[in-house]
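Chemist: Below you will find the structure I want to go over with you.
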Amino acid sequence: MNSMKKMILLAIAMLMSAIAPLSLKADNSNKILIAYFSWGGNTETVANYIAQEIQGDLFKIEPVNSYPTEYTPCTEVALEERDSNSRPAIKDKVENLNDYDVIFIGCPVWWHEAPMIIHTFAESYDFAGKTVVPFCTYASTYRDETLAKIVEITPAAEHLEGFGARSRNTSGISEWLDRIGMIPSSGIEDFAIDDNADVKVYDSTGNLVYNGIKSEITVPQKGSYILRSENQSAKVILWQKSVK
């Protein structure tokens, strides 16, 4: 093969590399799981909100033997479990925990701490090399104690700042997630090109979801995307409507 032909093939390879869609998975190697136990729906609401903000996977921690649906009988069962240091059995298992780098663990406050089923979950896996992020929902107090308990029962993990939401109020969650580095820092306005410039937007699997001008961007759903224009690229959070 002569030198001219080699140079042509090299130029083609470089061009193909430059225009190939970027994969979000390659850009953000952290895979995130949000594991949660919810009795009345408050913690589930918060867990779903977190998952939408950071594009994480959800795992609902469900007991083999369901808790009473009425408040007072449920508190009686929860107190008995706490006082007897019980480990309620869990229905399902996270089959691929090793695939996750960051694991959020969330629950309501029960009798001043995390429910005993959270102890069962924490003792069911090896968290060495993982980062655990605690969160909880509470009525009035014992938020800090519950977050501290989740940290205590996952001693092999690294830990990030936790968050407590009052009931199912999601106020402050986005700011917290940004503060602990779970939301990409670059936004659409950080992509320093004219609003009328041509851009392409790729989803987390590298599929092209938008091809047009910057000011008219629309995407299928809120989430993290790769935005490209000429030789620039950035990871951004986009909504369904135009982001101008």
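The values are calculated or read from the model by the stated rules, or taken from the named source; none is laboratory data. Here the structure is a predicted model, which is why all the values come from computation and not from measurement. Here the Cβ is made from the backbone with ideal geometry for all residues, glycine too, and neighbour counts use every protein chain on show. Accessible surface areas use protein heavy atoms only, side chains included; no ligands, DNA or RNA. Shrake-Rupley method; radii C 1.70, N 1.55, O 1.52, S 1.80 Å.
Chemist: Give me the pairs: first residue in segment 49-64 and closer than 23 Å to Ile90 by Cα and modelled with pLDDT of 95 or more, second residue among the polar types (S, T, N, Q) and not in a helix (DSSP H, G or I), beta-carbon distance under 9 Å, and six or more apart or on different chains, which are they?
Modeler: Every condition considered, the pairs that remain are Ile50/Thr170; Lys60/Ser38; Ile61/Ser38.
Chemist: Also, quick follow-up: In segment 127-137, is there at least one residue being out of contact with any strand residue (DSSP E or B) (no Cβ under 9 Å at 6 or more places or on another chain), under 19 Å from Asn48 (Cβ atoms) and free of Cβ contacts under 8 Å to residues at least 60 places away in the same chain?
Modeler: Quick first cut of segment 127-137, residues out of contact with any strand residue (DSSP E or B) (no Cβ under 9 Å at 6 or more places or on another chain) only: 128.
With under 19 Å from Asn48 (Cβ atoms) added as a condition, the list becomes none.
Checked against the condition, which is being out of contact with any strand residue (DSSP E or B) (no Cβ under 9 Å at 6 or more places or on another chain), under 19 Å from Asn48 (Cβ atoms) and free of Cβ contacts under 8 Å to residues at least 60 places away in the same chain, segment 127-137 yields no hits at all.
Chemist: Then there's this: Regarding segment 92-100, can at least one residue be identified that is among the polar types (S, T, N, Q), open to solvent by 50 Å² or more (accessible area, probe 1.4 Å) and within 26 Å of Ile183 (Cα to Cα)? Steps first, please.
Modeler: Just the residues of segment 92-100 that are among the polar types (S, T, N, Q), to begin with: 96, 98.
Within this subset, residues satisfying the condition of being open to solvent by 50 Å² or more (accessible area, probe 1.4 Å) are 96, 98.
Of the ones still in play, those that are also within 26 Å of Ile183 (Cα to Cα) are 96, 98.
Taking every residue of segment 92-100 in turn, at least one turns out to be among the polar types (S, T, N, Q), open to solvent by 50 Å² or more (accessible area, probe 1.4 Å) and within 26 Å of Ile183 (Cα to Cα).
Chemist: Continuing with this model, one more query. Answer yes or no as to whether Ile103 is part of a helix (DSSP H, G or I), within 20 Å of the chain's Cα centre (by Cα), closer than 20 Å to Glu44 by Cβ and at pLDDT 95 or above. Steps first, please.
Modeler: On the way: part of a helix (DSSP H, G or I): no; within 20 Å of the chain's Cα centre (by Cα): yes; closer than 20 Å to Glu44 by Cβ: yes; at pLDDT 95 or above: yes.
It is false that Ile103 is part of a helix (DSSP H, G or I), within 20 Å of the chain's Cα centre (by Cα), closer than 20 Å to Glu44 by Cβ and at pLDDT 95 or above.
Chemist: Moving on to the next point. Glu53 passes all but one of (1) closer than 19 Å to Tyr125 by Cβ; (2) part of a helix (DSSP H, G or I); which number fails?
Modeler: Tallying (1) closer than 19 Å to Tyr125 by Cβ; (2) part of a helix (DSSP H, G or I), Glu53 fails exactly one: (1).
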